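Here's the structure, in structure tokens; my notes come after.
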Amino acid sequence: MTKYLPLSLLFLFAIPVHAALIKGTVTSNKGEPLPFATVMIKGTTQGTTANAEGVYQFDIPPGTHVIVCQYMGYRKEEKTVQSAGAAQELNFVLQPVSMQIREVVVKSGGEDPAYAIIRQAIKKRSFYQSQVKNFTVESYIKMLAKLRKTPKRIFGQKIDMDDVGVDSTGKGIVSLSESITKISCRAPDTKLEVISSRQSGGGLGFSIPTIISFYDNNVEAVASELGPRGFISPISENALFYYKYRLEGTFMDDNQLVNKIKVIPRRKYEPVFSGYIFITEDDWRIHSTDLMLTKEYQLELLDTLVIRQTHVPVNPEVWRTKDQVVYVATKLFGFDIVANSVNVYSNYDLNPVFPKGFFNKVVMKYEKEAEFRGINYWDSIRPIPLEAEEQKDFRVKDSTAKARRDSAKSRYHLDSLRKKPQPVKIDAVILNGWGHNWYFQRSSDSTISSHSFRMGSLVRGLSYNTVEGVSLYITPGFTFSLPNKRVLAWNNNIRYGFNNTHLNAYTTLSYSGSGEGEYGTRNVWSLSGGKRISQFNGAGPIGPIMNSLYTLLLKENYMKLYESWFGGLNFYRNYQRTFSFSLNANYESRIPVENTTDFVLFKNADKTFTPNHPQELANIPFTREEVLAFGGSVSFQPGQRFIEYPNRKVAFGSKYPTFTASYRKGLLDADFDKWNIGVSDNMNFKLFGELRYHFTGGGFLNNKKVSIPDMQHFNGNQTFLNIRYVNSFQLAPYYQYSTTAKLYGTANVEHHFNGLLTNRIPLFNRLKWHLVAGSNAFYVNRDNNYVEVFAGLENIFKVLRVDVVAGYQSQADTRVGIRLGFGGILGQAFRFE
């Protein structure tokens, strides 16, 4: 499961009428609580896990039972209990295991006996990995995140402690959730059924299980973002190349000899664990783990991550994970965060019978009442007692959320919202944009909705080019909330050029049907019209900020523009991110424009501005013309999987590429038929990095009359900044290769090594900068083609990427340049044009 996702489980069953509650504490012989100790009925997987204070409780069925308590590093203890109607207290005091070092024959070279054990475990790894192909299991997950320190400001913005959810000292619980989920598996398919789920303060809790198996060669520790390459298991096929081992001792557990082996990374900056793995003698299976990841071993975003697992027998031949605890800690942007996730697994069924069609595209499904279980329900089924601060967090935040929900439907709340001042601040107008809401109450369901007005900042709307000089672009817009979750948006675009004194303004009305959110099925109609200024390449290969900088500072005017009176109608339909299509018709009365200013900040007599007409297309005239164009596009990604909520489905991802196709027909002063198809994907090869590609093909079925805006343009880049990776050509001129050919093809391929190779360079590996390399190319004909290759470093400060690029064209000299962009763990969230 991901990425995904920075990733919890138990099936709801009816508690027998005569079930009895047992509860107690688990402590060491020194009186210290043993957090997350395992307590269960012997011979079964029914049981629980103690909380962080060593407190446990669970129900047992009628009869006499042997209760087993175990904790890593301590001797297992058993107690017999008779089920009765009243709750019983059963405390455990565990003694440390007596480690024994076996007599061993030391091989020449002094090899530690742990190596022989690990080799046996490696031989058995694939057997245990695939031993159970079908099963169901019930699981509970509780996730807790706390802030130990909160900065007063971040990126210059003051932090409101109440909004974060902490006290005045910056400490407190910021996230608390619990959920019960049933996992069903029939290899290679897995399905999750969420029986109940809640978040402190309301809403669904985190319910995607963090299933970590050290029988896999490559282990994904919670989410791929924490380590894009995954991490090498201590018993993987090639583990001996990455780890050293030391036998710390042995102990007996239910007449089974268990080996405690210390896992030691051979080198820093490899994706490996450190800590302990416990392996049983003779059958060489995992007994338990206590393994850790740190920043020195390619852990990203977090400082430390600890995984502790306890495995128990489900039957004499099969052992499975009984409980799993994941601890994380990090200090990021002044925040000091600690968190833990506790999974308790029980009631394994190794011979399930699944109904026909059970495994389908829905991989996770929430029951209708999953979010609305009451406190009594949770208190009756929760296998891990809540700690005092957790009880308080649920009580306070749930009460506050309920009061807000009740208030949200009251007339008093509506009046309060209307009376609440919404002052217009000058700095917001200039820097951040501003807006206003008009609140009202619907008579149909008493919910409070709002119409809104928004306008972007004036600073972001300022730019400079040689056609308009200084231009100001403002975008006032209104959004109207309609019944049945429909939305009407009225967006306006007003632009004024102070040097050419041209006013361009157009408006767009968009109507959205009652779809289910961003990934739901939704119809969107839009109607637009007015006068606008556009780049000849409709993809906008250079943004206004970069063009302004290059024009004012370097006297290079790359942005080429034309004006048009236009009207357009567009329809878009999205089917839950699996399939979408659009249809459009657009009329343009195009008007050529010329440069009106040559102002620069730094005079340079050796340079002159180029004409606004692309000089590479000087032999193609552009005069006033009228063009009517219509067409459409489709996008399809097969194999999409879904999470099904009670009222909607959300796309979860697919292992297959995305396919696209488009067609456009030109009429009036134009006469052309233009088509394009494409395929793209990101392929993660874990230890070997991630491959990203985008291939397209297209051309003109008919090119009798094709104006410059309708030609096929390739996204070139002549500035130092590149943000359109896998969709551009980093050194290509913007219009030199534009064509009306019947056929062309493009290929953009890049491989992200994600630490492979660079982690072997001494000192340099401490920076955790990653190698990236690839090639971009297109081919039209023997005289019109281009290839560039590049290699660079990304994840610089987690954000930046720098490439060295060499571009080759058969009719020109090889170009070499350096490009800066955004890339790495956090870099893809940034956009700058």
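Points worth noting:
- Residue satisfying condition, being polar (S, T, N, Q) and modelled with pLDDT of 95 or more, within set 758, 739: 739
- Residue, surrounded by the most Cβ atoms within 10 Å (Cβ to Cβ), within segment 656-680, restricted to residues that are of a type outside the set (Gly, Ala, Ser) and in a loop (DSSP other than H, G, I, E, B): 657
- Hey, residue 656 of a type in the set (Ser, Thr, Tyr) and within 27 Å of the chain's Cα centre (by Cα) or not: yes
- If you check 672, 652 for being over 30 Å from residue 622 (Cβ atoms) and of a type in the set (Phe, Trp, Tyr), only one passes: 652.
- Residue check for residue 689: within 20 Å of residue 820 (Cα to Cα) and either polar (S, T, N, Q) or crowded, with 21+ Cβ neighbours inside 10 Å (or both): no
- A count restricted to segment 597-613 and to residues that are within 30 Å of residue 628 (Cα to Cα) and in contact with an Asp or Glu (Cβ under 7 Å, 6 or more places away or on another chain) stands at 1.
- Tally, over segment 307-319, of residues that are in a strand (DSSP E or B) and surrounded by fewer than 19 Cβ atoms within 10 Å (Cβ to Cβ): 1
- Residue 603 vs. criteria of a type outside the set (Phe, Trp, Tyr) and crowded, with 17+ Cβ neighbours inside 10 Å: no
- Annotation: of all residues in segment 37-59 being part of a loop (DSSP other than H, G, I, E, B) and of a type outside the set (A, V, I, L, M, F, W, C), the one that is nearest to the chain's Cα centre (by Cα) is 51.
- Test set (1) crowded, with 19+ Cβ neighbours inside 10 Å; (2) at pLDDT below 80 - residue 168 fails condition number: (1)
- Some residue of segment 488-509 being under 30 Å from residue 644 (Cβ atoms) and either among the aliphatic types (A, V, I, L, M) or part of a strand (DSSP E or B) (or both): yes
- Condition check for residue 568: of a type outside the set (Val, Ile, Thr), out of contact with any Lys or Arg (no Cβ under 9 Å at 6 or more places or on another chain) and not in a loop (DSSP other than H, G, I, E, B): yes
- In this structure, residue 724 does not qualify as basic (Lys, Arg), under 28 Å from residue 819 (Cα atoms) and modelled with pLDDT of 95 or more.
- Verdict on residue 127 being modelled with pLDDT of 90 or more, part of a strand (DSSP E or B) and either farther than 27 Å from residue 46 by Cα or not assigned by TED's automatic domain parsing to the domain that holds residue 754 (or both): no
- Among the conditions (1) modelled with pLDDT of 80 or more; (2) on the phi > 0 side of the Ramachandran plot, residue 438 misses just one, which is (2).
- Restricting attention to segment 267-296 and to residues that are at pLDDT below 95 and basic (Lys, Arg), the residue that is nearest to the chain's Cα centre (by Cα) turns out to be 295.
- When 16, 62, 6, 35 are checked against the criterion of being modelled with pLDDT of 85 or more and surrounded by fewer than 17 Cβ atoms within 10 Å (Cβ to Cβ), a single residue qualifies: 62.
- Of residues in segment 320-366 being over 29 Å from residue 54 (Cβ atoms) and polar (S, T, N, Q), the one surrounded by the fewest Cβ atoms within 10 Å (Cβ to Cβ): 351
- For residue 501, the conditions (1) of a type in the set (S, T, N, Q); (2) crowded, with 17+ Cβ neighbours inside 10 Å; (3) at pLDDT 95 or above all hold with the exception of (2).
- Pairs, first farther than 21 Å from residue 226 by Cβ and in the same structural domain as residue 301 (by TED's automatic domain parsing) in segment 318-333, second surrounded by 15 or more Cβ atoms within 10 Å (Cβ to Cβ) and of a type in the set (D, E, K, R), C-beta under 7 Å, six or more apart: 319/285
- Selection status of residue 207, among the small types (Gly, Ala, Ser), part of a strand (DSSP E or B), more than 28 Å from residue 753 (Cβ to Cβ) and assigned by TED's automatic domain parsing to the domain that holds residue 311: no
- Single unsatisfied condition, residue 639 versus (1) small (Gly, Ala, Ser); (2) at pLDDT below 95; (3) surrounded by 15 or more Cβ atoms within 10 Å (Cβ to Cβ): (3)
- Subset of segment 367-386 [exposed (fewer than 13 other Cβ atoms within 10 Å of the Cβ) and of a type in the set (Lys, Arg)]: 368
- Count of residues meeting criterion [out of contact with any Ser or Thr (no Cβ under 8 Å at 6 or more places or on another chain), assigned to a loop (DSSP other than H, G, I, E, B) and under 28 Å from residue 498 (Cβ atoms)] in segment 607-633: 6
- A count restricted to segment 60-83 and to residues that are outside any loop (DSSP other than H, G, I, E, B) and not β-branched (Val, Ile, Thr) stands at 8.
The values are calculated or read from the model by the stated rules, or taken from the named source; none is laboratory data. Owing to the predicted nature of the structure, the values given are computational and were not obtained by experimental measurement. Cβ coordinates were reconstructed from backbone atoms using ideal geometry, including for glycine residues, and neighbour counts include every protein chain displayed.
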